[in-house]
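Since every read-out is calculated from the coordinates, none of them should be taken as a lab result. Treat the numbers as computed from the prediction; the structure is a model and nothing was measured. Don't worry about glycine lacking a Cβ; one is built from the backbone with ideal geometry, like all the others, and counts go over all protein chains shown.
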Amino acid sequence: MTRVIIYSGKGGTGKTTISAATAVLLARSGQRTLVLSSDPAHSLADALGVTISRDRPTAVAPGLYGLEVDTIYEWRHNLGGFQQFVASTYSNRGIDRSTATELANQPGLDEILALQRVMIEAQSGRWDAIVLDTAPTGNTLRLLAYPEMIIGGDAGKKFFRVYRGLANFARPFKRDLPEDRFFDEVGGLLERMDQLANFLLSPEITLRLVMNPEKLPLLETRRAYTFLNLYGMLVDAVMVNKILPVRQDLGPYFDYWVSLQRGYLQEIDASFAPTPIFRTLLQEGEPIGLAALEAVGRATFGSADPGALLFDERPIWLEQWNEEGEPGRYELCLKLPFVDEQETVEIARQGPDLTVMLGRAQRTIALPRILYGCAMGHHHYEGGVLRLEFRESTELDAVDTTLTVPDGCRVEAA
Ligand SMILES: Nc1ncnc2c1ncn2[C@@H]1O[C@H](COP(=O)(O)OP(=O)(O)OP(=O)(O)O)[C@@H](O)[C@H]1O
Ligand SMILES: [Mg+2]
C-alpha cells in the first residue's frame, strides 16, 4: 500500500516547501517517493530547484521523483471529446472557440483530474509514499471529505445513463447531439470517479494542515479542521511554519511580532491538541533546493517519522438525535483525554467558535455551520469525551432573515 500525505492550507503558508521537505526526508530514508503538485500555479520545481515534467514523474534525487500535474494535459488526455462537445455547444451560441474552450475547463474538474492522477500513481505499485502539494484555494478539501461530490451521487450517474439513452434515440433527428466518443469518455470518467471516491476513503491517506502563527490562517485552519474531522477525514498533523526565532539581536521591531506569534502559538495548541503539532522556524533564507529542504524537514520533524501515520483518532464528531421532521437535536462530541472527570467544565461561545475549559486544559474549536443557529444545552464529560447538546430553536422557524440569538451568534437564513 502506498502511503499518501496531502498538505493543504491557506496561500503562502508553506505547503509547497513542507511537501517538498517531507518528500526529501522520505526519499533519504530509502522510500520510493513521489512529490506531486496539483496547484496549476506550480512552484514545486522552483522549490526543489530543478525542472520537472508535467506528464510523467521526473527523477529529482535518488529515490525522489517530482510531478507537476498539468490539468490541461490531463484534460486532453482523458476528456478531449467532452471538451470538444462543450466548446462546440458554446460556439453554436456565438461564443468564440477560445472562450468556449476556457469555459469547458470546469474548475472542480481540475482538482478531480489531479486527484485521479494521485490514485493512478498510488495504484501503480511504483511508490512507497506520495506527497501531494495542493492549491491554496482549491476544492481539494471538500472533495476529500465528501467524495460523493465527485460523482454527483447516484443522481448524476442516473442522469448520464438517461441522457445517453435519449441521445442514441434522438440522434437521427437532431444533429448537434454529442457523439459516442463523448459518452465513452464521460462514462469512463464516471467509472474512474467512482473508484476515486473509494480510494479517498482509504486509511493510508491523511491530511496535514499548514498554517502560520497569524490570525487569519488560524481561523481558517480551525474551520478546515472541524470540517475535515466531521467528515471523517484523518488529519494526522498540523504544521506551523514561519515562526520567528526568539533572539536578542532582532530589536524592538521584532519583539512585537515575536510576542504576537507567541500568543497565536498558544491558541494553536489549544485548538488542535491532541493532534500532533509540528513547528518550523522562519529560516534565514528561502529554503530552495534539496539541501535546504532537507534541513527544514529535519528541523520540523525532529525524531518523528514524517511518513508515519502520526495520529489516527477523530477528535471531533457530531451525533444527531432528532427524528425525521423534528427540530434538530445534536451532540457535539470532543475528545479531551487525560482530564480528571471531577474537573469543572466551562464553556464560552463566541460567534462561530467555542472555547472549552476543563481544569487547566483549554480547547477552542470552530463550530460546524449546522450548529450556528442552535441553542446550547447541557453537557457532560465521560470516558474522555465531552458531549455538548445543541438544539435548533423552534422560534427560529418563524423568523425569516438573519438574526442574533442570545449568545451573540449570527444565524443565517436557509
Ligand atoms: N520556514 C520558512 N522559512 C523561510 N522561508 C520560507 C519558509 N517556508 C516557506 N518559505 C518561503 O515562503 C514562500 C512561500 O512558501 P510556499 O511556496 O512553500 O507556500 P505555499 O503555501 O505553497 O504557497 P501557495 O499557496 O502560493 O502555493 C516561498 O518563497 C518559500 O521559499
Ligand atoms: Mg504552493
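Model label sites at Ala348 and Lys215, defined 7 Å from Cα along the beta-carbon direction, differ in position by 1.7 nm. The ranking of Lys215, Lys15, Lys10 by Cβ neighbour count inside 10 Å, starting from the fewest, reads Lys215, Lys10, Lys15. Taking other Cβ atoms within 10 Å as a rough exposure proxy, Cys333, Cys374 sort from fewest to most as Cys333, Cys374.
Relative contact order of segment 213-325, taken over Cα pairs closer than 8 Å and 6 or more residues apart, is 38 percent. Placing a label point 7 Å from the Cα of Ala270 along the Cα-to-Cβ direction, the residues of segment 219-250 with a backbone N closer than 14 Å are 219. Rounded to the nearest 0.05, what FRET efficiency is calculated for Arg142 and Thr355 with R0 set to 30 Å and r the Cβ-Cβ distance? With R0 = 30 Å, the Cβ-Cβ based efficiency is 0.65.
Calculate, for Asp46 and Asp96, the FRET efficiency according to 1/(1 + (r/R0)^6) with r their C-beta to C-beta distance and R0 35 Å; round to the nearest 0.05. Working from the Cβ atoms, E equals 0.55.
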